[in-house]
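Here is the structure we will look at, set down as structure tokens.
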Amino acid sequence: MSIHKNCYFLLILVLNIYALVSGDGVNVTASDSVDTLTQSSPYSPAAAVVLVNSPVFRKPDVDSIFSLNLLSSFPEDEEISVYCSDLLHIFGQRYVTYVNCSVNSARPVKVCQNCYSSYGSLTEIYLKISSDEVVTGNESCRDSILRNDRLMLVYLLYNNLEDIWGKSDCAYCVTKGFHSLTNDTLYFLSSVNQTLTCFEKYKEGNHTELCKSCKNPYRGLNELYSRMETNKTMCIDIEDVMNVTRKLWSKEYNCSFPREETVPVIAVSSFMLFLPIIFYLSSFLHSEQKKRKLIHPKRARSYNTLMNIQDKLS
């Protein structure tokens with residue numbers, strides 16, 4: 001062992017003996033000294049052994065840890081009742097369930113048809129929290145959970161999910177009370193499945209057969225979607241699945257069909273295009289006819305006057 005390492009070992013040993021003799025009052029100084037020595041010579045194995053077994057570095061007492069933990073609870077002045085605490089716990093569980101369902105149903109979009117039940121459960125527990133029902137004393141869970149701080153975290157969390165539900169228009173696809181999907185939604189999804197089944201059946205090989213055989217189911221699906229769009233009875237799930245179906249029909253399989261409503265549209269457009277020409281032409285012809293009627297008697301009178309003057313001169 002080198003002289004340099006022996007010096008550190010002897011010095012640390014003297015400090016430990018001094019700490020044992022002097023008691024707790026010297027612990028801080030000895031600790032600082034050992035920290036300094038350790039930083040200056042971290043490679044010394046003798047120093048490591050002494051530090052581990054040294055009484056200078058004592059663990060804190062159990063009582064001190066317990067006293068620190070008590071700072072986070074208020075047994076004498078309880079801020080939230082047991083009932084409200086249980087509601088808050090249930091809200092957290094249902095919140096996580098709905099968020100997980102929404103994330104898993106993001107693509108393809110099925111948040112309304114897959115997550116309406118979990119959203120209904122979340123809404124139910126939030127309504128209990130935000131009610132005016134007095135639980136303990138003169139306070140309700142709304143006062144102790146929603147209005148007891150500036151952040152109002154529970155309100156913000158629920159409001160964000162409610163905003164997502166509103167932007168998705170899920171209320172148009174789900175019955176009141178979140179019991180099931182509406183009949184229109186179920187019928188539309190059935191039509192979509194019928195069309196996609198036809199696509200799967202004829203997608204192999206030449207797509208001409210697919211365009212011919214799946215034309216009627218696809219046309220019926222488009223007509224149903226147009227009616228639901230007019231009546232405002234569709235949600236984001238229906239919009240997304242219709243967009244995907246149209247992309248498959250037009251881009252993937254290169255299918256198309258002439259719409260029957262294009263014929264009357266072209267006829268009306270042509271009539272409106274030629275209407276100004278017809279109007280100006282008829283106006284021109286009418287004005288020419290009136291002009292002839294006005295000029296003809298004037299010419300006749302001037303001719304008779306000229307003849308009378310010639311007769312007198314002769």
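The values are calculated or read from the model by the stated rules, or taken from the named source; none is laboratory data. Source: prediction; values computed, not measured. Using ideal geometry, Cβ is built from the backbone for each residue, glycine included, and neighbour counts are taken over all protein chains shown. The protein model used for the area step is the full one, side chains on, heavy atoms only, and it has no ligands, DNA or RNA in it. Shrake-Rupley method; radii C 1.70, N 1.55, O 1.52, S 1.80 Å.
Observations
- Residues of the range 166-180 satisfying the condition of being among the aliphatic types (A, V, I, L, M) and open to solvent by less than 40 Å² (accessible area, probe 1.4 Å): 174
Yes/no matrix, rows are residues, columns are (1) in a loop (DSSP other than H, G, I, E, B); (2) of a type in the set (Lys, Arg); (3) modelled with pLDDT of 95 or more; (4) open to solvent by 80 Å² or more (accessible area, probe 1.4 Å):
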residue	(1), (2), (3), (4)
84	no, no, no, no
93	no, no, yes, yes
98	no, no, yes, no
115	no, no, yes, no
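- Among residues of the range 215-252, those that are at pLDDT below 95, touching a Cys at 6+ places or on another chain (Cβ under 9 Å) and not in a helix (DSSP H, G or I), counted: 2
- Qualifying positions in the range 148-162 - in a loop (DSSP other than H, G, I, E, B) and touching a residue at least 24 places away in the same chain (Cβ under 8 Å): 148
- Taken as a whole, the range 152-165 holds at least one residue that is open to solvent by 40 Å² or more (accessible area, probe 1.4 Å) and hydroxyl-bearing (Ser, Thr, Tyr).
- The single residue among 123, 136 that is more than 20 Å from residue 240 (Cβ to Cβ), touching an Asp or Glu at 6+ places or on another chain (Cβ under 9 Å) and at pLDDT 95 or above turns out to be 123.
- Of all positions in the range 138-147, at least one carries a residue that is in a loop (DSSP other than H, G, I, E, B) and free of Cβ contacts under 8 Å to residues at least 12 places away in the same chain.
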